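Some notes on the structure that comes next.
The values are calculated or read from the model by the stated rules, or taken from the named source; none is laboratory data. Not measured: the values here are computed from a predicted model. Here Cβ is always computed from backbone atoms with ideal geometry, including for glycine, and neighbour counts include all displayed protein chains. In case anyone asks, the SASA skips ligands and DNA or RNA and just uses the protein heavy atoms, side chains included. Shrake-Rupley method; radii C 1.70, N 1.55, O 1.52, S 1.80 Å.
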Amino acid sequence: MTKTNALRLLENAKIYFETVEYSVDESDLSGTHIAELLGEDPDCIFKTLVCVDDKGSHHVFCIPVAYELDLKKCAVAAGVKRVEMIPVKELLPLTGYIRGGCSPVGMKKKFPTYIDETATLCDKIYVSGGMRGLQMILSPMELAGFVGAKFSDLIK
């Protein structure tokens, strides 16, 4: 298995996590597809989305894969007037990750991070391990503590 920056950072911090790999279908990068492949509850598999606010600051939001980001709720959580998704072409230069492999752990810079409050209903959640085809499984509390995330209502 490839050691990504996200995995190295969690190992160095002595945070317990597991990994699971799956074959990537380039025609279907949806998280619900990943949940089906892994035979897991899609409510405990989280995608990582990056937004920019009206002042040009970036924010990271982790939500269950089957849901849509509610931009108004995200703005409230971030304490800003409004947020919008960044264009996909900006993701790699900004975070170091590609679409479908964006992890809340190990981005190029530390951005304010928010995890949907439903994560607290799961003992463990899945988030990208930093590349397509690799998921990290860990406690939502440990993840939030490590990345300095707040739990908030973020979904439609």
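Being open to solvent by 40 Å² or more (accessible area, probe 1.4 Å) and modelled with pLDDT of 85 or more is the filter here; which residues of segment 1-19 pass it?
First, pick out the residues of segment 1-19 that are open to solvent by 40 Å² or more (accessible area, probe 1.4 Å): 1-3, 5, 8-9, 11-14, 16, 18-19.
Within segment 1-19, 3, 5, 8, 9, 11, 12, 13, 14, 16, 18, 19 meet the criteria.
Polar (S, T, N, Q), surrounded by 14 or more Cβ atoms within 10 Å (Cβ to Cβ) and out of contact with any Leu (no Cβ under 8 Å at 6 or more places or on another chain), is that true of residue 48?
On the way: polar (S, T, N, Q): yes; surrounded by 14 or more Cβ atoms within 10 Å (Cβ to Cβ): yes; out of contact with any Leu (no Cβ under 8 Å at 6 or more places or on another chain): yes.
When the stated conditions are applied, residue 48 passes them.
Working carefully through the options 60, 50, 76, 105, find the one that is of a type in the set (Val, Ile, Thr) and over 19 Å from residue 155 (Cβ atoms). Let's see the steps before the verdict.
Details: 60 fails: over 19 Å from residue 155 (Cβ atoms); 50 fails: over 19 Å from residue 155 (Cβ atoms); 76 fails: over 19 Å from residue 155 (Cβ atoms).
The unique qualifying residue is 105.
Among the residues of segment 54-73, write down those that are over 17 Å from residue 149 (Cα atoms) and open to solvent by less than 20 Å² (accessible area, probe 1.4 Å). Reasoning before the result, please.
So the first thing to find is which residues in segment 54-73 are over 17 Å from residue 149 (Cα atoms), and the list is 54-56, 65-68, 70-72.
Listed by number, the list holds a single entry, 65.
Taking the condition open to solvent by 50 Å² or more (accessible area, probe 1.4 Å), modelled with pLDDT of 95 or more, of a type in the set (D, E, K, R) and over 12 Å from the mean Cα position of the chain (by Cα), does residue 84 pass?
Details: open to solvent by 50 Å² or more (accessible area, probe 1.4 Å): yes; modelled with pLDDT of 95 or more: yes; of a type in the set (D, E, K, R): yes; over 12 Å from the mean Cα position of the chain (by Cα): yes.
Considered against the rule, which asks whether it is open to solvent by 50 Å² or more (accessible area, probe 1.4 Å), modelled with pLDDT of 95 or more, of a type in the set (D, E, K, R) and over 12 Å from the mean Cα position of the chain (by Cα), residue 84 comes out as yes.
Of all residues in segment 114-127 being within 12 Å of the chain's Cα centre (by Cα) and open to solvent by 10 Å² or more (accessible area, probe 1.4 Å), which is farthest from residue 60 (Cα to Cα)?
Of all residues in segment 114-127, those within 12 Å of the chain's Cα centre (by Cα) come to 114-116, 119, 125-127.
Subsequent filtering for residues that are open to solvent by 10 Å² or more (accessible area, probe 1.4 Å) retains 114, 126.
Details: 114: 6, 126: 16 Å.
Per the stated criteria, the residue is 126.
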